[in-house]
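Laboratory data are not the source of any read-out in this text; all were calculated from the coordinates shown. This structure is a prediction, so every number in the text was calculated from the model and none was measured. Cβ: placed from backbone, ideal geometry, glycine included. Neighbour counts: every protein chain shown.
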């Protein structure tokens with residue numbers, strides 16, 4: 001009886017949060033270990049379906065860099081990176097589009113449907129959702145990385161239509177140029193921009209760390225809450241560096257675009273989204289405007 005009462009209390013605790021976020025859109029950026037490990041992935045997809053069933057409208061944006069690199073190696077090509085960005089010639093772009101828009105995307109769609117949801121997989125080429133152009137500058141320096149792109153504009157109409165029809169859209173990070181060329185887009189930036197376009201109530205970045213850490217080598221130094229201004233200051237003075245920078249840039253894009261609550265969560269933690277959305281304590285790092 002005590003266990004049953006505890007479960008009932010958990011549901012009661014969740015009620016005000018379900019009521020507050022019902023009929024709102026939540027954009028989730030998904031990647032890293034939580035997308036590779038089968039059990040972690042199953043928990044994430046179950047969470048998304050649960051959100052949909054209680055009236056919240058999740059939109060999933062995913063990357064898939066490790067899977068792209070793995071297939072390239074199987075094809076006898078070694079991935080090349082400059083400044084943390086993948087050098088993407090025409091053949092690499094074909095591989096990336098096949099992996100991101102094909103196997104990875106459809107695997108996520110299938111997992112959501114197995115969990116009881118309705119899902120549709122998209123790339124930025126569908127309805128020209130992500131209009132892109134070749135990246136020619138990075139960190140203030142000229143670059144030529146091939147078919148690495150930057151976002152020109154996002155057309156959210158197709159995604160909004162799917163959301164209103166009860167589907168969970170699953171968007172891969174491939175954009176299209178005016179000439180029809182495909183471009184590899186940073187998934188963190190895409191997710192943040194999309195959250196702003198959809199005027200999402202929340203933006204959630206699922207990562208491989210508990211959140212933003214004061215000391216990156218010590219998970220006990222989790223920062224529970226900070227402002228967008230503080231994030232910018234930490235990037236500028238070097239306290240935030242490496243792979244966290246594009247993730248936080250995506251968070252700032254969402255915040256600057258009007259998303260009130262932006263979260264960095266550990267995607268390796270089972271049901272992290274549910275704990276953040278529906279409990280009094282929450283998890284991870286909250287970035288507020």
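Just a few scattered comments:
- Comparing Cα centroids, the stretch 245-268 and the stretch 73-88 end up 27 angstrom apart.
- Between helix 38-53 and the chain there is an angle of about 60 degrees, using the helix long axis and the longest principal axis of the Cα atoms.
- Degrees separating the helix 65-74 axis from the principal Cα axis of the chain, which is the longest one: 50 degrees
- Convex hull (Cα only) mean projected area of the stretch 40-149, reported in nm² to one decimal: 8.4 nm²
- Mean sequence separation of contacting Cα pairs (under 8 Å, at least six apart), scaled by the length of the chain, corresponds to a relative contact order of 22 percent.
- Compared with the alpha-carbon gap, the fully stretched path from residue 289 to residue 241 is longer by 15.2 nm at 0.36 nm per residue.
- In degrees, nearest ten, helix 2-21 long axis to first principal axis of the chain (Cα): 60 degrees
- Going by neighbour counts of Cβ atoms within 10 Å, the residues 74, 52, 229, 261 line up, fewest first, as 74, 229, 261, 52.
- Separation between Cα centres of the stretch 140-203 and the stretch 1-68, rounded to whole Å: 22 Å
- Among 279, 285, the order by Cβ neighbours within 10 angstrom, fewest to most, reads 279, 285.
- Computed from the alpha carbon atoms alone, the convex hull of the stretch 176-263 holds 112 Å³ per residue.
- Start at zero, step by 5 Å, and the Cα-Cα distances of the stretch 145-207 spread as 3, 15, 25, 26, 18, 9, 3, 0 percent across the bins.
- Structure-based [θ]222 nm, the chain - -39500 (n - 2.57) summed over DSSP H runs of at least 4, per residue, nearest 500: -12000 deg cm²/dmol
- As a proxy for reagent exposure, 62, 271 were ordered by neighbouring Cβ count within 10 angstrom, fewest first; the result is 271, 62.
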